[in-house]
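A.B. asks: Sharing a structure here in structure tokens format.
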Amino acid sequence: MSSSSAATKRPYHHGHLRETLLDVALRQLATTPAAQLSLRELARAAQVSHTAPYHYFADRQALIHAAGVEGMRRLLQAQADAVAQAQGPRARLLALGAAYVRFAAEQPHAFGLVFDPQYCKPGDPSEDMAPLIASNEALLADCVVQAQQAGVLPSGDPAPLCHALWGTVHGLAQLVMAGHLPLDAALLALGALLPPDAP
């Protein structure tokens, strides 16, 4: 093998390549819609051979699904971190919603992919996505129940409240992503959902 061919043939075995490829994919999603993700472009950006991604993703569809799962994981982490840093039931609910909307504003294509039924089906039963969905639902439910116990939200079945809050926050996120509402205005709107003098 010539030195020139050796220099152009890049190895794919270098530690956590799958994680690296997904990180590159999420960075690309900051400016590129999911439908335009390419395994070849991903390899080029990660500085590996064009065949390397195929050791982890069977095809482009598999890559996009994996990127959606990683987007969901990061969305969940952003919310969990925000809730952990907030003090009091009202603050935790607002932090949860703000993290959700801010993620959508900063990572619109990744956020859109999480909810795109073409790539990530509603109620996705796959072993990689289902636990993340369940954890996100549990995080919201826990915040709602704590808010009910503190009198921030009305008592009763928490499920309708969870659905109402999720629907409202998701709607604000969509408006921000589409450019119809500035992020600052959306965050102020979240504060208006709960009485300012709530505990």
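A.B. asks: Per-residue counts of other Cβ atoms within 10 Å, averaged by peptide: what ranking do you get for 138-145, 181-188, highest first?
C.D. replies: Top to bottom by mean Cβ count within 10 Å: 138-145, 181-188.
A.B. asks: Which value, in debye to the nearest 20, gives the size of the charge dipole of the chain about its Cα centre, when Lys and Arg are +1 and Asp and Glu are -1 at the Cβ?
C.D. replies: 660
A.B. asks: How long is region 91-163 along each principal axis, judged by its Cα atoms, biggest number first, in Å?
C.D. replies: Cα extents, longest axis first: 40, 27, 17 Å.
A.B. asks: Using only DSSP helix segments of four residues or longer, with each worth -39500 (n - 2.57), what per-residue ellipticity at 222 nm results for the chain after dividing by its residue count and rounding to 500?
C.D. replies: Only helices count here, giving -21000 deg cm²/dmol.
A.B. asks: Please report, in Å, the Rg and the Dmax of the chain, where both are computed over Cα atoms only.
C.D. replies: Expressed in Å, the Cα Rg and Dmax of the chain come to 20.0, 74.
A.B. asks: Choose one of Q47, A82, A99: the residue whose Cα lies farthest towards the positive end of the charge dipole of the chain (beta-carbon charges +1 Lys, Arg; -1 Asp, Glu; about the Cα centre).
C.D. replies: Q47
A.B. asks: Enumerate the amide H contacts of G151 below 5 Å, restricted to partners 5 or more residues apart or on another chain; note that Pro and chain-start residues carry no placed amide H.
C.D. replies: Correct list: empty.
A.B. asks: If you don't mind, there's one more thing I want to ask. What is the packing order of peptides 86-94, 58-66, taking the mean over residues of other C-beta atoms within 10 Å and listing the highest first?
C.D. replies: For the peptides 86-94, 58-66, the packing ranking is 86-94, 58-66.
A.B. asks: Another question, then. Sort 48-54, 26-32 by packing, meaning the average of other beta carbons within 10 Å per residue, with the highest value first.
C.D. replies: Highest-to-lowest ranking by the protection proxy: 48-54, 26-32.
A.B. asks: For an R0 of 41 angstrom, estimate the FRET efficiency from the Cβ-Cβ distance between T168 and E127 and round to the nearest 0.05.
C.D. replies: Taking R0 as 41 Å, the efficiency between T168 and E127 is 0.85.
A.B. asks: Could you work out how much longer the chain between D184 and Q36 gets when fully extended? Use 0.36 nm per residue separation minus the Cα distance between them, nm to one decimal.
C.D. replies: Answer, rounded to one decimal: 50.3 nm.
Values in this text are rule-based calculations from the coordinates and carry no lab data. Please read these numbers as outputs of a predicted model, since none were measured by experiment. Note: ideal-geometry Cβ built from the backbone for every residue, glycine included; neighbour counts use all protein chains shown.
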